[in-house]
Amino acid sequence: MLLSLAAGETIAQSKDPAIEDLNWVAVVTKNEATFMFPATKRTSWSWYNSETQDGLCEYSWNVMIGDHKSGFQFGPALFKSNGSQTANGSLSDLINACQHDLWRVSEDGGDNVGGYGKTKLEDGKVRLTISDPKLLEQLFGPKPKTVQMMINTPEFLIRQKVEVTHTHHNPGITR
């Protein structure tokens with residue numbers, strides 16, 4: 001399946017619908033940046049699957065500021081390591097198995113520059129939060145108008161260009 005919606009620039013490739021709603025959230029305040037991904041329909045997860053080649057990213061929930069040549073990307077990601085055994089569990093278990101890194105993106109791939117904040121689940125939705133003042137200024141001081149948000153699994157890939165709401169107060173995040 002290939003889906004393209006001009007208004008939101010959603011791009012999806014999937015074996016099944018996977019996502020019930022396409023409510024993506026990107027809110028940046030003076031003290032916090034919050035990104036909420038849509039919930040998936042899946043209730044059980046498996047990772048380090050035999051079908052996945054060693055070294056490949058099997059799962060990720062990423063936010064990209066800029067593009068693949070220059071910018072930053074962050075979020076939980078799970079890479080299949082050599083000799084890993086298949087694991088099963090909840091989305092929370094999968095998120096806990098992920099690495100949670102911030103990458104400086106460049107044409108030659110990029111560099112891991114550390115952590116970004118925290119990841120938690122709310123009603124089946126993955127929520128990324130950054131509250132470090134220096135990191136907020138570095139990433140969002142230029143007030144980007146949009147970010148690219150992506151969910152990648154062995155079954156589907158969905159990307160959305162999301163408008164960033166910049167505000168001086170926390171308006172409350174709709175779940």
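Inter-label distance, residue 131 to residue 112: 2.5 nm, where each label sits 7 Å from its Cα along the C-beta direction. Subtracting the Cα-Cα distance of residue 81 and residue 31 from 0.36 nm times their residue separation leaves 14.4 nm of extension gain. Its Cα centre serving as origin, region 84-175 has a Cβ charge dipole (Lys and Arg +1, Asp and Glu -1) of approximately 360 debye.
Going from the fewest other Cβ atoms within 10 Å to the most, the residues 68, 168, 100 appear in the order 168, 68, 100.
How long is the gain from residue 69 to residue 43 if the chain were fully straight, where each residue apart is worth 0.36 nm and the alpha carbon distance is subtracted?
Between residue 69 and residue 43, full extension yields 5.8 nm more.
As a proxy for reagent exposure, 64, 149 were ordered by neighbouring Cβ count within 10 angstrom, fewest first; the result is 64, 149.
Between residue 138 and residue 50, what's the calculated FRET efficiency when r is the beta-carbon distance and R0 is 41 Å? Round to 0.05.
The calculated FRET efficiency here is 0.55.
Among 86, 153, 43, a tally of other beta-carbon atoms within 10 Å of each Cβ gives an order, fewest to most, of 43, 86, 153. Applying the criteria of a DSSP loop state and at most 14 other Cβ atoms within 10 Å to the GluC sites (Glu not before Pro) of region 74-175 yields 107, 155. Along its principal axes, region 35-145 has C-alpha extents of 41, 35, 20 angstrom, given from the largest down. Dividing the mean sequence gap of close Cα pairs (under 8 Å, 6+ apart) by how many residues region 35-145 holds gives a relative contact order of 28 percent.
A short reminder: the numbers here are calculations on the coordinates, not readings from a lab. Predicted model only: the values in this text are computed from it and were never measured. Glycine also receives a Cβ, built like all others from the backbone with ideal geometry; neighbour counts cover every protein chain displayed.
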